[in-house]
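Okay, structure first, notes after.
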Amino acid sequence: MLETALLATGATIGVFVVYFWLVVFEARRGKRVLFPRLRAKLDLLLVRSRTKLAAAVHLPQRTAIRAQESATNVRSLMAPRPALYETRSGLVGRQRTHNARQKNASATPNEHFAALHAHRTDTTLNARQVKARKKRHLEERF
């Protein structure tokens, strides 16, 4: 089994060396030497298959882009008339948002400042806590 693997590896390396030599020789000469017509037909076949593959990949991409553009156009046409395409849940969600905005708009600035003042009085440190914090901060720095 090892002999078969070594034989296959040697044959592959030999074919590679011969092919490399052929490519270098043909590059120096400027034309194909070995089977020029067959290789020209294979090149043409390769180019055609690449073109067909590129077209097969390009078509779904273009189709997806066109579908997205169509959806965007439909949305822009329907934007002035939301009741035509919104569901009941969308309308309920809009009403909930409207109610929340109305509730926040009715709060007066004094209520907001009163809440800030209440929070400040709840969280204010006493003199001993302030001194301890300053001391701890200075010890951490040095």
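Laboratory data are not the source of any read-out in this text; all were calculated from the coordinates shown. No experiment lies behind these values; they were computed from the predicted model shown. Cβ: placed from backbone, ideal geometry, glycine included. Neighbour counts: every protein chain shown.
Applying the criteria of a DSSP loop state and at most 16 other Cβ atoms within 10 Å to the chymotrypsin sites (Phe, Trp or Tyr not before Pro) of the range 1-76 yields no site.
The modelled label-to-label distance between ALA5 and ALA40, using points 7 Å beyond Cα along the C-beta direction, is 4.5 nm. Across the range 94-103, computed HN-Hα scalar couplings (Karplus, 6.51 cos²θ - 1.76 cosθ + 1.60, θ = phi - 60°) run 5, 5, 4, 5, 4, 5, 5, 5, 5, 5 Hz from first to last residue, x flagging Gly and Pro. Within 13 Å, Cβ to Cβ, of GLU69, how many net charges do the neighbouring residues add up to if Lys/Arg are +1 and Asp/Glu are -1? Charge balance in the 13 Å sphere: +3. Quick one: net charge around VAL24, please, counting Lys, Arg +1 and Asp, Glu -1 for every other residue with C-beta under 15 Å from its C-beta. Here the charged neighbours net out to +3.
If you take every residue apart from HIS112 with its C-beta less than 15 Å away from the C-beta of HIS112, what net charge results, scoring Lys and Arg +1 and Asp and Glu -1?
In short, +1.
How would the range 1-50 be classified by its alpha-carbon gyration tensor: rounded, prolate or oblate, with rounded meaning a/c under 1.5 and the a/b versus b/c comparison settling the rest? Here the range 1-50 falls in the oblate category.
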